[in-house]
Amino acid sequence: MNLISDVNVLINRANTDVFEYVSNMEKFGEWFPGVISITSSDGVAHGNVDKKYLETVKVPLAGLKQIPISVVDSKYGKFFATEGAFSPLFPRMEITIKSMDDTTSSVSWRMYSRNNKSIVKVLLLPLAKSIMQKRAQVGIKQLKVNLEASS
């Protein structure tokens, strides 16, 4: 995998509160830029492996795209990962949550490309890194605002 973006923040909320919010991907558009909408596409509960979503995002030079998203890993209060069927990037999002104490959590948000082809690494990843790092920096700040405002 190829790292596209990596941002971190301290949030004044318990790790379980952070997990409950970020693992409900229907809320992703509330805090992450470029996400137009995201809806559940099955009856699996939020935060569980195999949960499916359909995300509508704004893609530079391509307009609006719908991307099937699947939860591929989840450890309550600690870790949450999704993978998208968006060719040729094939994104993987990972959110790691570490409890600092009862009321503070360290949150790490990372985006990867699962495509290891040389042409993608040379032509697509530099652009993806530039766009996603900027969006991630804005998004992680908004995540903090949203979670701390609701405490």
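Can you tell me which residue is nearest to the chain's Cα centre (by Cα) among those in segment 48-61 that are part of a loop (DSSP other than H, G, I, E, B) and within 16 Å of R135 (Cβ to Cβ)?
That would be P60.
Within segment 90-124, restricting attention to residues that are closer than 17 Å to L143 by Cα and polar (S, T, N, Q), which residue is farthest from the chain's Cα centre (by Cα)?
Top of the filtered list is T103.
Just to verify a result, which residue in segment 1-32, among those that are over 11 Å from the mean Cα position of the chain (by Cα) and assigned to a loop (DSSP other than H, G, I, E, B), is nearest to F79 (Cα to Cα)?
A14
Could you pull out every one of the strands (runs of 3 or more DSSP E) wholly within segment 62-137 that has 1 or more residues that are in contact with a His (Cβ under 9 Å, 6 or more places away or on another chain) and surrounded by 13 or more Cβ atoms within 10 Å (Cβ to Cβ)?
63-75
Here, each number is a calculation from the coordinates, and none is a lab measurement. Everything numeric here is computed off the predicted structure, so don't read it as measured data. Note that we place each Cβ from the backbone using ideal geometry, even for glycine, and neighbour counts take in every protein chain shown.
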